[in-house]
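Notes follow the structure.
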Amino acid sequence: MGKISGVIIAFNEEQYIERCLKSMQGVVDEIVVIDSFSTDKTVEIAQQYNASIVKHPFTGFTDQKNFANDQAQYDYILSLDADEALSDELKQQILHIKPNIEQYEGYSFNILNNYCGQWIKHSNWYPGTKTRLFNRIKGRWYSPTNLHETIKFEGASQTKHLKGDLLHWAYDSYSEHHAKNDRYTTLAATNFVKYKNKKIPVIKIVINPFWKFFKNYFIKKGFLDGFNGFVICSMAAYSTFLKYIKIIELQRKK
């Protein structure tokens, strides 16, 4: 049977990490937690699940996750964030392919997000397919702008999509969502100016946020998620607008 290393990067995740660790039980053959010197009970909880703890300063999501992969004992990595957990169906799917896991370099699955207590099944939030089970010899985390890292395979590779959802507890409150949008748009604007630095047409600032909302709310049926669907689509439009005006502000400062 194939062997899998479960890998988690964490910092002050006592609220979520036990759920993540529990979902890995019986699926992976070891659990490695890379902890960025948490000050809460994150490490204590991980030790209760016999996880190997490696202390390492946070160097960015891409570098941290690649460092984590290098600490694992086995070549196939199941990489989860501390606020994620395997659904029962996804656990069964992984166990089913595990004996012959080497048939594919990577395995992808859908991400189902929980937003303020509600599972979101529409707009641009679902299915949000990502590769999270992969051969670390063939693939590594990659992000040219240190934002939204993905697995990049060397040469030709074959991947398989598994049924079941990876459950993600995205936000507990609207204020948390707003604060993260503010941080991410600042990073996105900084990266844009650093790597592209093109002038943003005024028409783009007007049209793109509107189109973002229309596409997610109507075309991708965000309205079916009720009030929270409206909030999510509005936040996405606002983030687009915020990124553009932050780019303009940085360009003017230059």
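The values are calculated or read from the model by the stated rules, or taken from the named source; none is laboratory data. Because the structure is a prediction, the values reported are computed rather than measured. Cβ: placed from backbone, ideal geometry, glycine included. Neighbour counts: every protein chain shown. Protein only, heavy atoms only, side chains kept; ligands, DNA and RNA dropped before computing areas. Shrake-Rupley method; radii C 1.70, N 1.55, O 1.52, S 1.80 Å.
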| query | Can you pull the accessible area of F153 for me, 1.4 Å probe, Å² to the nearest 10? | reply | 40
| Any idea what angle helix 202-214 forms with the longest principal axis of the chain, computed on alpha-carbon atoms, 0 to 90 degrees, nearest 10? | 50
| field | the range 41-175 - Rg and Dmax from Cα coordinates, angstrom | value | 15.6, 45
| said: From the alpha carbon gyration tensor of the range 190-250, can you work out the equivalent ellipsoid semi-axes (sqrt of 5 times each eigenvalue) and give them in Å, largest to smallest? | reply: 26, 11, 8
| field | Net +/- balance of residues flanking Q15 in space, Cβ distance below 11 Å, scoring K and R +1, D and E -1 | value | -4
| Chain lengthening between I248 and F223 when straightened (0.36 nm per residue, less Cα-Cα) | 5.8 nm
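Measuring with a 1.4 Å probe in the full set of protein chains, what accessible area per residue, in whole Å², belongs to the range 1-113?
About 44 Å² of surface per residue is accessible.
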| field | Nonlocal amide H pairs with R132, under 5 Å, H built at 1.01 Å | value | Y107, F109
| field | Column: log10 I(q)/I(0), Debye, Cα scatterers of the chain, q = 0.08, 0.15 Å⁻¹ | value | -0.35, -1.18
| message | Output needed: percent of Cα pairs per 10 Å distance bin for the range 67-110, bins running from 0 to the one holding the longest distance. | response | 21, 54, 25
| message | Taking each pair of distinct Cα atoms in the range 42-103 once, what is the resulting Kirkwood hydrodynamic radius in Å? | response | 13.9
| request: Give the carbon-plus-sulfur fraction of the accessible surface of the chain in %, rounded to a whole number; probe 1.4 Å, heavy atoms of protein chains only. | output: 52
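Determine the gain in length on full extension of the stretch D172-Q48; use 0.36 nm per residue of separation and subtract their C-alpha separation, reporting nm with one decimal.
Details: separation 124, 0.36 × 124 = 44.64 nm, distance 2.56 nm.
That works out to 42.1 nm of additional length.
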| Mean residue ellipticity at 222 nm from the helices of the chain, using -39,500 (n - 2.57) per DSSP H segment of n ≥ 4 over the full residue count, to the nearest 500 deg cm²/dmol? | -12500 deg cm²/dmol
